[in-house]
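A quick write-up on the structure given underneath.
Quick note: the coordinates plus some simple rules give every number you see, no bench work behind them. Given the structure is predicted, the values throughout are model-derived calculations rather than measurements. In this analysis, Cβ positions are derived from the backbone assuming ideal geometry, glycine residues included, and neighbour counts consider all displayed protein chains.
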Amino acid sequence: MDAPIQTPTSVAEVAALVKSLYQQKDPETIKRIEKTLQSLQKSPQGWQLADALLGHGDPEVRFFGALTFTVKLHSDAKALENETSNELLTRLLAWLIRLVAEGEQEFVTRKICTTLMQYFLSDKTQWNPCIRHLICSFIKGEPVDIDQVGTFPPTAQLVGSLAPPQLRSILYVSEGLVQEVKRTSYVSTVVAKLENRLDENCDDVVALNQYALGYSGPLETEIRAEAVSCMATWAIYVTRLTRYSPEASLRIDQVQTLIIPALHCVHADPEKTVEPFADLLRRRGIEIFSDDHLKLLGGLITSPWGQQQMTDIVDDGVPSEHFIDLLLAFGSAMLPKLVSTPEAWDNVMVMMHQILKCPGYPIEDESTSMQALEFWGNYAGEVADPIETDSEPPSVAKFHVMKAAEAYWAKVCMPTSTDLAGWDKDTIKNFKAFRTDVGDFLLDALRGCGADLFRAFITLALNQVEQDDWIKMEASLFCINSMVDEVIGIEECEEVLGELFGSSILISAISRPDALPRARRAAVEMIGKYAEFFIKHREFLVAPLNALFVALSREDTSEAAARAISLFCFSCRETLVPELDNFLAAYQTFIISPTASAYCKEKVLGGIAGIVRALPSDAQKCHYLVILLQQVEREVRLSLELMSQNDVAGGPTTACTAMTCLAAMGRGLQSGDERSTHIDLEADIAGESYWNTDPAGIQFQAGVAKYLGMMAHVFGGSGEVIEAICDVFKSGFAEGAPGPFVLPPNVFVEFILCTSTQTPRVNLVLSTTCSFLNAYKGKLEDSTKSNPYILAAVTVVDHIIQLLATLSSPDTDPEVASSCVEVLETLNRHNVQILFGRSSDAVENTLMFTIRCIQGPDVLPKRAALHFWSRFLQISSPAAKQQVDQVINVLGPLLVRVLVFNVSGESQRTTLDDVSDTLRRFVPKNPRTGDWIEAALLDKEFPAPKVEEKDRLWFKKMFIAARGGMNSKQVAMNFWQSCRDSQR
């Protein structure tokens, strides 16, 4: 263990320790030195130490002395009294005046300035007018009594006598005060007072900046740059209010007088002054800048300096970030004018286009086009939906949008394989995000420019195919795909699409062996994305479908084709019914190809099931579903063969494929476009139907049940298989009427009985159990003993009780415990008598387990158990009233004790609302609740013993007085907080 740092006993030793701190490189040693020094800074002698260190010969030690004032001010701010406070201000001013006069290094004097800002923020001090006080003190050469500042000449006359370092220090404080007030975390009333105090300095700050912006002499460049920054900060500050009072308007008028002088500084030295102006433009462009101001800024941007910046961007690809910020901020502020009268700002618009010509790829080589995307998105949005005028934007504005869209088309071109090899994962990810953002811009651009823009990209795509330029073709298709949400429904755009899909050029490109894989994928994705177009234009349907099945057999496009086929089937299900036999034949061919991956099988089989849904009769549906089920059977048999060959990897993988395909069939039958489907609001999921009365329907469901049971039995140790089986069941539970995958309840019961706490993804099984109970909630309310759904629920509950007995304690497996309790809570909602029908020991053990969940620290079981009891206390069924009341009478005292202990600090904040919600429901439920709460509060094991008895009983009184209303939660929150505070 490292030896502790010896506490210094003299100023010289402190100085030596400070110097060693700055020289030290070992992190642990640095921490120990800092800890020792901080204890000295916060000690009662901290004020004297700060003075002593500021008089040291080493600037690093002097900086630490200034820092000590800051630390001491923070730690002892509440102890400052008026006399002590004034004395501290005098000492700080004296040191600042002295050190600035002696030519002290800036990092030391600015630390003292920072301490003065913190002094201003303290609610124990009243330092105003602080800026004038600083000026007067510097002029006199020593701290001035603040009551005497009125005897000095006006500030505008005083500032000319300030030395350059003094002027810089005051500018630093003037700007820093605003930033510190903005950063403060005080409550709004305190901030309002600080802002009022800050406002009192506005006259002096304006006079100071007026002089500094026109200053000439030593340090001229630095002073003017700081003055511009200070002006911009104050301009943002004075325009902070949405509603202007006369006083606020006066402040804005005052600060506005600084803009012209500041602009002259920017013209004189743009490199050092443009950044704060860009920030001001971006945040307060409309509120603070007049038309004259904007014209001056436009002149600066298009001046020879600005032109040189553009040359650097286009030729060298090394733009000035400050110039780009200024240009884009100016464009944002001028947006309505740039749209309504673009000819008047042609020079600026030329630059807006030029910055999109930075050489290289976005993200990897340049960021300018990415920064400009927000402007162009807003510009396109304004063209599509102008704010300031009801008239349509001029055609020139649309031309600018189309030109920008073309520039971004060039920017979204994917890199060559050689270039891409040098990119890291983050660059690739960010480039893809950039492409997505460009897609959003193109949607706005299409709304503004209409079919002309869409036609331009279609023409680009066809031209690139003819020229075998696959990279540009892919970029064209990416842009076309991005506009799909706006295209369908626009007649002119659909005509252009007809030209594209009526041409063999694009379709043939999918099968071209020389085409880049990603270009083929883009073409395949395009067909899928525009599936809705084919619903309206069936004459174009055959060629794209054939192309998709061709793409399905290619390794580089198989997954994209599978996605497109799936989307096609769901979107065009009715249209594709005549093609169903062809689809099945194509699938038969596909599954023996090398590209027949699990993902592709699932997508295509689910898509075909989607077409089956559109068939007019259940008998027809059953005929085709049996054929599809044979494909699943093929996977099932293969998985069993692999297992018999001890292929422990291939067997479960193939079994998972079988089940995911089966789940996809279920989803295909219950999702998609319902426009042509009659919805029977009176339908009962458990009612009679073709699927549970007709021999063919029954046989189909028996086949599904057989494969589910077989896979669960053989591959129950595979989490992926278990999850896929649950997906199959859930596809049926999601139905609102009888259907092919609404299986008899015993099928699911047999599955859940095969599971245990050791089953992989058992939480998912239990979640599916909740879906099962919810799906048959109507049947669970019928307590007839012969009701098969009640019998199924009884079996499920018995299994849950066994699982809880296996766990014995919630902390054995908190996730499984919470999932089991969630099943019981779901049962509570539908028929609590099923639980009450179990043996008294089983019921008692189960309810006690839920109480232990609330006692424990784990959030998941605690929250689940709280929801269980909250629901339990709301049960109002006459048939269950006697049993519910009996449970409350027996377990109420214990449960209330546990809940009260949670409210008394044991609960985490995240579960406190659930705890108080459960406790408040006791109040109207049982008249003895008050006694139970009091007993818990006075219990010798009460978790917050420092809370006085009167405060505990006051909580009980207020909680009972709330009568179970929502006010109970606030009462509980306040008591919980007081208990937590007492435990610290």
**Prompt:** Ordered by residue, what ³J(HN,Hα) values in Hz, to whole numbers, does the stretch 847-856 give under the Karplus form 6.51 cos²θ - 1.76 cosθ + 1.60, where θ = phi - 60° and Gly and Pro are x?
**Reply:** 5, 5, 4, 5, 5, 5, 4, 5, 5, x
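Using just the helices of the chain, give the 222 nm mean residue ellipticity in deg cm²/dmol: DSSP H runs with n ≥ 4 each add -39,500 (n - 2.57), and the total is spread over all residues, rounded to 500. Write out the running numbers ahead of the final one.
Working: 55 runs with 710 residues, N = 984.
Value at 222 nm, helices only: -23000 deg cm²/dmol.
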**Request:** Please turn the phi angles of the stretch 523-539 into ³J(HN,Hα) values with the Karplus equation 6.51 cos²θ - 1.76 cosθ + 1.60 (θ = phi - 60°), one per residue in order, whole Hz, x for glycine and proline.
**Result:** 5, 5, 4, 4, 4, x, 5, 9, 4, 4, 4, 6, 5, 7, 10, 5, 5
**Item:** Residue exposure sequence - T654, T769 - by fewest surrounding Cβ within 10 Å
**Value:** T654, T769
**Fill in**
Label model pair S503, D385: point-to-point distance (7 angstrom along the Cα→beta-carbon line) in nm is 3.3
**Request:** Report the FRET efficiency, 1/(1 + (r/R0)^6), for A410 and N347, where r is their Cβ-Cβ distance and R0 is 25 Å, rounded to 0.05.
**Result:** 0.65
**Complete:** Mean shadow area (nm²) of the C-alpha convex hull around the stretch 681-808 is 7.9
**Prompt:** If you average 1/r over every pair of different alpha-carbon atoms in the stretch 1-152 and take one over that average, what Kirkwood value in Å do you get?
**Reply:** 16.4
**Item:** Neighbour-count ranking [beta-carbon atoms within 10 angstrom, fewest first] of V749, V206
**Value:** V749, V206
**Request:** Give me the number: length gained by fully extending D939 to Q620, i.e. 0.36 nm times residue separation minus the C-alpha to C-alpha distance, one decimal in nm.
**Result:** 107.8 nm
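Report the net charge of residues surrounding S904, where surrounding means a beta-carbon distance below 14 angstrom and charges are Lys +1, Arg +1, Asp -1, Glu -1.
Numbers: positive: R897, R909, K940, K946, R952, K956, R980; negative: E906, E934, D939, E941, E948, E949, D951, D981.
Its environment carries a net charge of -1.
For the stretch 134-255, what is one quarter of the convex hull surface built on the Cα atoms, given in nm²? Present the calculation step by step, with values, prior to reporting the outcome.
Values: hull surface 32.6 nm².
Projected area, direction-averaged: 8.1 nm².
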**Request:** Would you mind ranking C754, C569 by Cβ crowding within 10 Å, fewest neighbours first?
**Result:** C754, C569
**Request:** List the lysines whose Cα lies under 30 Å from the Cα of K295, skipping any in the same chain that are fewer than 8 positions away.
**Result:** K272, K337, K357, K398, K403
**Asked** What's the extension gain from R829 to E34 if we count 0.36 nm per residue and subtract their Cα-Cα distance?
**Response** 280.3 nm
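Relative contact order for the stretch 134-255 using alpha-carbon pairs under 8 Å, separation at least 6, rounded to a whole percent?
On the way: 87 pairs, mean separation 32.9, N = 122.
Computed over the stretch 134-255, the figure is 27 percent.
Cβ neighbours within 10 Å, averaged per peptide: list 625-638, 946-959 in order, most packed at the top. Display every interim value, and only then the final one.
Numbers: 625-638: 18.6, 946-959: 16.2.
Put in order of decreasing packing, that is 625-638, 946-959.
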**Asked** Across the stretch 121-135, in residue order, what do the Karplus-derived ³J(HN,Hα) couplings come to in whole Hz, using 6.51 cos²θ - 1.76 cosθ + 1.60 with θ = phi - 60° and x for Gly and Pro?
**Response** 6, 5, 6, 8, 10, 9, 9, 7, x, 5, 5, 5, 4, 4, 4
**Request:** Based on a Kirkwood Rh over C-alpha pairs, give the Stokes-Einstein translational diffusion coefficient of the stretch 524-572 at 37 °C and viscosity 0.692 mPa s in µm²/s.
**Result:** 316
**Request:** Please report, in Å, the Rg and the Dmax of the stretch 565-628, where both are computed over Cα atoms only.
**Result:** 11.4, 36
**Message:** Taking 41 Å as R0, compute the FRET efficiency from the Cβ-Cβ separation of N546 and N746 and round it to 0.05.
**Reply:** 0.35
**Item:** Set of lysines near K72 by C-alpha distance (under 27 Å), chain-local residues within fewer than 8 positions excluded
**Value:** K19, K25, K31, K35, K42, K111, K124, K182, K193
**Request:** Round to a whole angstrom and tell me the spacing of the C-alpha centers of the stretch 923-984 and the stretch 327-400.
**Result:** 62
**Message:** Let me spell out the model: positive unit charges on the Cβ of Lys and Arg, negative unit charges on the Cβ of Asp and Glu, origin at the Cα centre of the chain. What dipole size does that give, in debye rounded to 20?
**Reply:** 3100
**Label-point gap, in nm, between D913 and A156 - each point 7 angstrom along Cα→Cβ** = 5.7
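Order the peptides 445-454, 570-579, 657-666, 227-236 from the highest to the lowest mean number of other Cβ atoms within 10 Å of their residues.
Working: 445-454: 21.9, 570-579: 19.6, 657-666: 27.0, 227-236: 25.1.
Top to bottom by mean Cβ count within 10 Å: 657-666, 227-236, 445-454, 570-579.
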**Prompt:** Any idea what angle helix 470-482 forms with the longest principal axis of the chain, computed on alpha-carbon atoms, 0 to 90 degrees, nearest 10?
**Reply:** 90
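Q886 to D694: FRET efficiency via 1/(1 + (r/R0)^6), r the Cβ-Cβ distance, R0 45 Å, to the nearest 0.05? Don't skip to the answer; put the middle values down first.
On the way: r = 47 Å, r/R0 = 1.05.
According to the calculation, E is roughly 0.40.
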**Message:** If amide hydrogens are placed 1.01 Å from N in the peptide plane, which non-local residues have theirs closer than 5 Å to the one on E366?
**Reply:** Y361
